[in-house]
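Presented below is the structure to which this report refers.
The values are calculated or read from the model by the stated rules, or taken from the named source; none is laboratory data. Please read all numbers here as calculations on a predicted model, not as lab measurements. Methodologically, a virtual Cβ is constructed for each residue, glycine included, from the backbone with ideal geometry; neighbour enumeration extends over all protein chains shown.
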Amino acid sequence: MKLALRHVFVLVVCAFALFPILFVISAALNPLGTLASTDLLPSGASLNNLTNLLTSDTYPFARWFFNSVFIALTASFASLLLSMFAAYAFSRMRFAGRRVGLLALLLIQMFPQFLAIVTIFMIFTRVTELYPAFGFDTVWGLMLLYLGGALGVNTWLMKGFLDTVPKELDEAATVDGATHAQIFWRVIMPLVTPILAVTALLAFIGTMSEFLMANVFLRDPESKTLAVGMYGMIAGDHRNANFGMFAAATLLTAVPTVSVFLWLQKYIVSGLTAGAVKG
Amino acid sequence: MRMRALGVAALATLAFSATACGDNGTAQPSAAPSAASSGPASAPADKGNGKLVIWADPSRVTALKPFADQFGTENGVTVEVKEISKDNQQTFLTASQQGSGPDIMIGAHDWIGNLVQNGAIDPVTLTEEQKAAFPPIAIKAVTFDGQIYGAPYAVENVALIRNTKLVPDAPATFDEVVEKGKELKKAGKVKEVLCLPVTQKGDAYHVYPLFASAGGSLFGSTASGDPDPKKVLVGSPESIKAFGKLKDLGEKGDGALKTSITNENYIVNFAAGKCAFLVSGPWAMADVKKSGLSYDVTPVPAFKDGKPATPFVGVQTFFVASKGKSKALAQEFVANYVTNKDVAKALYDADPRPPALTAALQDVQASDPDAVKFMDAGKDGLPMPAIPEMQAIWEPFGIAETAVVKGGDADKAATAGQKAIDGSLKN
Amino acid sequence: MTLDVREAAETREAPRPRREVTTAFVVSRIAVLAVTAAVLLYAAPPLVASRSWAALAVLAVTAAVLAFLYLTRRFIPAKYLIPGTVFLIAFQVFPVLYTVSTAFTNFGDGHRGDKASAITAIETGSVRQAPGSPEYSLTVALRDGEMVFLLVDPKTKQVSLGTGEGLTGLSGAQVGVTGKVLSAPGLTVLKAPEAAARAQEVSALAVPTRGGVIKANGLSRAVEGRAALTYDAACDCVKGEGDVWKADESQGYFVNAKGEHLAQGWQVNVGFANFARVLTNPTISGYFAGVFGWNLVFALASVAGTFALGMSVALALHHPRMRGTKAYRIALILPYAMPAFAMLLVWRDMFNRDFGLINQFFGLDVDWLGQPSTARLAVILVNLWLGFPYMFLVTTGALQAIPRELTEAASIDGATPWKAFRSVTLPLLLVALTPLLISSFAFNFNNFNAIALTTEGGPFPAESPQVGSTDLLITYTFRLAFGTGGAQFGFAAAISVFIFAIVAVISAVAFRRTRRQEEVYA
């Protein structure tokens, strides 16, 4: 009975979550796909929008898709690592400026980012002149930029999580003669897989949907990410004409995220309890 | 672990040094680039010679590419067409200022005032012959402070598009449009009287012909006939009367103007037969044609005993960036290549907007009579004011429009709009 | 326990017997040196070539510090913090500091560059074609390696030679039908690609004439022009067209006697003027209290709503006998996996009165975004939809950290599930999640997109077009900075500083409360 209540509740929330998405699906299937269609059920079902999207000369969707996944995977992996290092130091070590540093990490994220675009141009104009491989129109420059945000909310998330891992574990290891590096890699990391997985997913989604910087950074149609490319599809006066394709693209965008989630899910829900008990 | 940490640290060093350079670079902007180009590490791309960079918005990139390549082949240079999806004008200004902007920028002519005050674009010299090849309104639009600041390539304005099955004859006045629309709605043949986007925030662009026909105006004019930013007329008695007219057409009146009709749905509703009249521009035609409706394009008619219903005219323009690295190439492209009939015609084929070049328009006429009809509807239109002050108008005007459409008091709305505009212009 | 950790940390700093040198240790140190060297080798030469000595010094010092840091056994926290911090400084801290510094300038449209470029722009912009001058067709040629122009008057077909010294007649040149010179005695005529390759030189060459100067206009035409306005350094003013504009360093414009200014200005320091403007602007001060109140409600409702909903579903799924969790979880994270900007637009259209799905689905006729109360409800609802999957994910992750023995122990003790949740699960969750709630509050307090892409601040009362019912501090102040008269970055930066201060104070106060929590578990 109790279990049934849980199912009912979750189903209601799922309905809320999926309601607008059904609308997008309907628009994607609707041959006259439009943002203004009033119907949840499409007036006809066809995969035209999808095929148009995948065969479009104007919108190299497959390239965008690949670019996005590549950038998101690489950047989120690198920033996860940086973030984890910092979280470990913030949680396990006591040093001057620790609380201030934590607060600063939080506050720095609150400044409106788009004002910073002027400075980003300033920095990368020089970088483009000196090191073209990391300049504008390169994926690597954009990734460097993304690493600037590696320390931030995610560091907080992991730090909070690390705080809940009993400290006796690393103390025991220290007594056994392990170095801090060994403790980090052999003791801590295996224990925190759930939150690592959650953070990885969050970082992945964050990079996938990043728009502001990617818009000014990648200007070749071929080098765009999904977020930027798709924005272009409905920007200006092409909004209506492309909405069906756009809806199809929106749905496809969810595919990598859901895949990453499926891959990480087992770490999210299984890892810790067993690990903690064993430790 | 160390290895990874180190790799990261290495990258970090690089990033750090890069920042330091950025800081430096602004201190001596002129010395740096030329010195850099002699350095061994700098790619030839940085020299600017032999390379032309064009920035456009996504819908134009594909259309431009073949011509850019052709120009490149003819002149033995490489041409890159880059795409910016959002905030094009501001991105162009920021990038230009910092030295990583393009050589040529494509945008609407009403950017000119702002681009000029930022020293971002150069005047373009067109020969008398070249100027004569454009309709006067296109040249007027790209002229700012007595100088021509770009080569026009497409002219856009709204017109009245009507479903000829429901309304076979073009209405002579706008009053007839509303009457006929109401009649059809009553008969259940359509759901809406008129498809003209109002939205919750107002849309000054689409409603302007009606506003003008009812006697309203935005600016007074200077001695030379240009809009005068010192004389904002949104709250003038004539404009208040015009807002009153919009109120009569609004939700509490005829129901011809509605906030629920938005830029997302107005074209689609017409295409789906939900309204017999659509006020829109050439960009609507793809959808309208796809729907298979029989339609006709005529100028937006004036109110009975009203002034002419002049639409805003926007001219898509190629600009030469002041801080571009290949200015001679950019001038060559803009002044002598864009003004070529074949190029204009081909640009039209790739992306059908009425070409600005008269000769190209005539060529197009055979296959697409709409282009000429739109051009005709806009020939007496008002080029969108290119003065930077225009940016202060759009929003307060739109809000006043929404207020009266929802049944608000015209006097109050117009006066508040005028006050808001005056307040921001005095800053 | 807390004490132990502190002690452990301290003993690390203290001298202790040297550990044996492991292979890992040697390998890692060699790697440090190798990578540092590689970075130096890559990054240094371009700096040397461009004579950026200061940057080179920074690079060298940074590399040395990094090498030192990772070669010693000390400064352990720094070893973990530095990698991320370097990027943070370069791409977040530096841009923020720079932005704040612009708050003291008039940086914005019309005032982007320095005075020199404003002068260049004024002079270039005033160049007009000399009346009656021919529209020369241009051929670029070389004379002993130096670039010269061959100018053909299209009417008379007369050929002239233009150099940096002036214009002279030229005879013996062969002119093609298009007006291009095919050959000329003693000169090497450049073909189009050759000229294009020297485009910068072509732009730079100015042939002085009696009335002005002939410059290339592209690669095939040249025009004689004259600058109507010229800068005179002696009086620090611009002269021409029968008027004089004097440089005014306080506003960054050239101003004439009537107080009118030339369009092109430059960036100057304005001290605290932007900050004063934020405080004295009647639009900002007049509506501040109301907007701030709604802003707080919006941020708090967003955080509380998303957290409550996200946590509830996470808890509901956190049950050993729950089936179908995988499918549920996928459905629940989908809102988060969709591009937010697209979904915001979709929501906006769903709220449309006549054509929106919501009215149609529930058989209503509500002008959702057209009335203050419903518009506010709508944006909170949309934000709930966008944000709850995030809370769901982090709670799901954090729930795994709570050993089941604890909750089981509580239920064995006879606590009701609600009590067990209140006394065991929630406090532990909050240890991990309070910081996220704070940061989520800060994010939503400034959630520009959620408003800009749905209501754009509206609905607006007819009598005050500046401030709408759903406007946040950031949306209505930025409308003042960007919506009118071009982008005013300096003003926007000053506004940001104020809003930043407000959010920072609220967050810092909340953050202080986490200190106790931090030690709860330990």
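Of the helices (runs of 4 or more DSSP H) lying entirely inside region B:330-384, the ones with 2 or more residues being free of Cβ contacts under 8 Å to residues at least 60 places away in the same chain, more than 14 Å from every other protein chain (Cβ to nearest Cβ) and not aliphatic (A, V, I, L, M) are found at B:341-350, B:358-365.
If you filter region C:49-93 down to residues that are small (Gly, Ala, Ser) and either surrounded by fewer than 22 Cβ atoms within 10 Å (Cβ to Cβ) or touching a residue at least 60 places away in the same chain (Cβ under 8 Å) (or both), you find that the one that is nearest to the other protein chains (Cβ to nearest Cβ) is C:ALA49.
Just one of (1) outside any strand (DSSP E or B); (2) crowded, with 22+ Cβ neighbours inside 10 Å fails for C:GLU201. It is (2).
Do the conditions hold for C:SER439, that is, is it away from chain B (no Cβ under 14 Å), surrounded by fewer than 21 Cβ atoms within 10 Å (Cβ to Cβ), polar (S, T, N, Q) and on the phi < 0 side of the Ramachandran plot? So C:SER439 fails the test. Screening region B:75-93 for residues that are more than 20 Å from the chain's Cα centre (by Cα) and within 7 Å of another protein chain (Cβ to nearest Cβ) and picking the one that is modelled with the highest pLDDT gives B:VAL77.
Among the residues of region A:115-139, the one identified as within 7 Å of chain C (Cβ to nearest Cβ) and in a loop (DSSP other than H, G, I, E, B) is A:TYR131.
The residues of region B:94-126 that are within 7 Å of another protein chain (Cβ to nearest Cβ) and more than 18 Å from the chain's Cα centre (by Cα), listed by number, are B:THR94, B:ALA95, B:GLN97, B:GLN98, B:GLY99, B:SER100, B:GLN117, B:ASN118, B:GLY119, B:ASP122, B:PRO123, B:THR125. Against the conditions (1) part of a helix (DSSP H, G or I); (2) more than 8 Å from chain C (Cβ to nearest Cβ); (3) surrounded by fewer than 19 Cβ atoms within 10 Å (Cβ to Cβ); (4) of a type outside the set (Ser, Thr, Tyr), B:GLY423 satisfies every one except (2). Output yes when any residue across region A:158-165 is in contact with a helix residue (DSSP H, G or I) (Cβ under 9 Å, 6 or more places away or on another chain), of a type in the set (Phe, Trp, Tyr) and more than 9 Å from every other protein chain (Cβ to nearest Cβ), and no when none is. The answer is no; no qualifying residue exists. Of all residues in region C:414-434, none are within 14 Å of chain B (Cβ to nearest Cβ), more than 25 Å from C:SER507 (Cα to Cα), in contact (Cβ under 8 Å) with a residue 24 or more places away in the chain and not β-branched (Val, Ile, Thr).
A search for C-beta distances below 7 Å between a residue of region B:74-100 that is more than 19 Å from A:MET213 (Cβ to Cβ) and any residue that is in a helix (DSSP H, G or I) and among the charged types (D, E, K, R), counting only pairs 6+ apart in sequence or on different chains, returns B:VAL79/B:ASP69; B:VAL81/B:LYS65.
Restricting attention to region B:127-152, the residues that are over 20 Å from the mean Cα position of the chain (by Cα) and under 18 Å from B:PRO355 (Cβ atoms) total 5. Take the conditions (1) farther than 18 Å from B:THR199 by Cα; (2) facing another protein chain (nearest Cβ under 7 Å); (3) among the small types (Gly, Ala, Ser); C:GLY310 misses just one of them, which is (2). Considering only residues in region B:279-295 that are within 20 Å of B:PRO311 (Cα to Cα) and among the aliphatic types (A, V, I, L, M), the one that is surrounded by the fewest Cβ atoms within 10 Å (Cβ to Cβ) turns out to be B:MET285.
If you check C:ALA420, C:ALA398, C:ALA378, which single one turns out to be among the hydrophobic types (A, V, I, L, M, F, W, C) and within 17 Å of C:VAL346 (Cα to Cα)? Answer to the check: C:ALA378.
Restricting attention to region A:140-191 and to residues that are in a loop (DSSP other than H, G, I, E, B), within 19 Å of the chain's Cα centre (by Cα) and touching a residue at least 12 places away in the same chain (Cβ under 8 Å), the residue that is surrounded by the fewest Cβ atoms within 10 Å (Cβ to Cβ) turns out to be A:GLY152. Taking (1) assigned to a helix (DSSP H, G or I); (2) modelled with pLDDT under 90; (3) within 26 Å of C:ARG226 (Cα to Cα) in turn, C:GLY113 satisfies each apart from (1). Taken over region C:500-522, the criterion of being under 23 Å from the mean Cα position of the chain (by Cα) and either more than 8 Å from every other protein chain (Cβ to nearest Cβ) or modelled with pLDDT under 80 (or both) is satisfied by C:ALA501, C:ILE502.
For the criterion of being buried (at least 23 other Cβ atoms within 10 Å of the Cβ), closer than 26 Å to B:ILE267 by Cβ and more than 21 Å from the chain's Cα centre (by Cα), A:GLY244 passes.
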